[in-house]
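Working notes, beginning with the structure itself.
The values are calculated or read from the model by the stated rules, or taken from the named source; none is laboratory data. The structure displayed is predicted, hence computed values, not measured ones. With ideal geometry, Cβ positions are generated from the backbone for all residues, glycine too; neighbour counts draw on all protein chains shown.
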Amino acid sequence: MERAHLTVVVSTDASQRRLSQCLESIDSQIIPDGLVVTKLIKRWNRGPNRGRVLAEAATDLVLFLDADCTLPDQHYFGRLLEVVMTNPSSALIGGLYLDGDYNTYLDRSYNSLCNLWVKGGIDGKGRPANLLGGCLIVNRLNLKGYTIREDIEQWGAEDTRLIRELCQQGALSKFDERLSVRHSPDNSIRKSISRAWIHGRMRQQHQLGTRFAMPQVRLFATHPILAFSPFIAGHFSVVLAASVIQRAAGRRTKRA
């Protein structure tokens, strides 16, 4: 059997503790027969640039994993190899965000919104328009002849823009829930608002369209103030609700 070669690219601006947890989940993997794994840590200065990494990668398979994500069990690489082999034409593959053991209400709300965004972008053929940059698998064999942008350096929607441009060129995408990862974004109210603003601004700036917005919050786009980004509107509403619940839970704990 011909061996498959996988590079795991861990992108980080996270704390050393979260990075260590991510790396531990990689090191604890049971490597299936026929797979060779290389680990690469990328510390972004200006912003993620997955396009440049793809263009320079020496392996056919690349897994982009954010440092605030961890692989949920020791058999993730086995499932990854199985999904790639059963979908030989797919170039872009991804799953969802699972909640970590210590996720706050804000963390859970953010993960839920991201997952709704992915599921809401699946077309009639089962192909997703949206995939999460924090757990993106790329089969470079299926990107030969495609233009991969190497100049996208920005926080927020960089991964979305790259995926969109590749799909527009004809690259096939695949969603598989078995490839979901645990995501602990360590959100605060301030960080949640900042994330919503950045994601919304970049999606609006690069005209990522309503298919790239969550269908559950498209209604907000009819309001002149909120039309700037459906993503911002939906995120704000969930963040506000989550913060109220979290504060109320904190008060009950103090009284007890």
Test for residue 92: is it surrounded by 19 or more Cβ atoms within 10 Å (Cβ to Cβ), closer than 18 Å to residue 67 by Cβ and touching a strand residue (DSSP E or B) at 6+ places or on another chain (Cβ under 9 Å): no
Answer yes if at least one residue in the stretch 103-113 is assigned to a loop (DSSP other than H, G, I, E, B) and surrounded by fewer than 22 Cβ atoms within 10 Å (Cβ to Cβ), and no otherwise. yes
When you scan the stretch 165-185, how many residues do you find that are farther than 23 Å from residue 67 by Cα and assigned to a helix (DSSP H, G or I)? 4
Just checking, does the stretch 70-82 include any residue being of a type in the set (A, V, I, L, M, F, W, C), surrounded by 22 or more Cβ atoms within 10 Å (Cβ to Cβ) and out of contact with any His (no Cβ under 7 Å at 6 or more places or on another chain)? yes
Of all residues in the stretch 86-113 being of a type in the set (A, V, I, L, M, F, W, C) and modelled with pLDDT of 95 or more, the one that is farthest from residue 191 (Cα to Cα): 91
When you scan the stretch 1-95 for strands (runs of 3 or more DSSP E) that lie fully inside it, which ones turn up with 2 or more residues that are closer than 23 Å to residue 130 by Cβ and not charged (D, E, K, R)? 4-12, 61-66, 90-94
The listed residue being touching a residue at least 24 places away in the same chain (Cβ under 8 Å), in contact with a helix residue (DSSP H, G or I) (Cβ under 8 Å, 6 or more places away or on another chain) and closer than 15 Å to residue 9 by Cβ, out of 140, 43, 52, 108: 140
Condition check: closer than 21 Å to residue 73 by Cβ and under 14 Å from the mean Cα position of the chain (by Cα). Does residue 93 satisfy that? yes
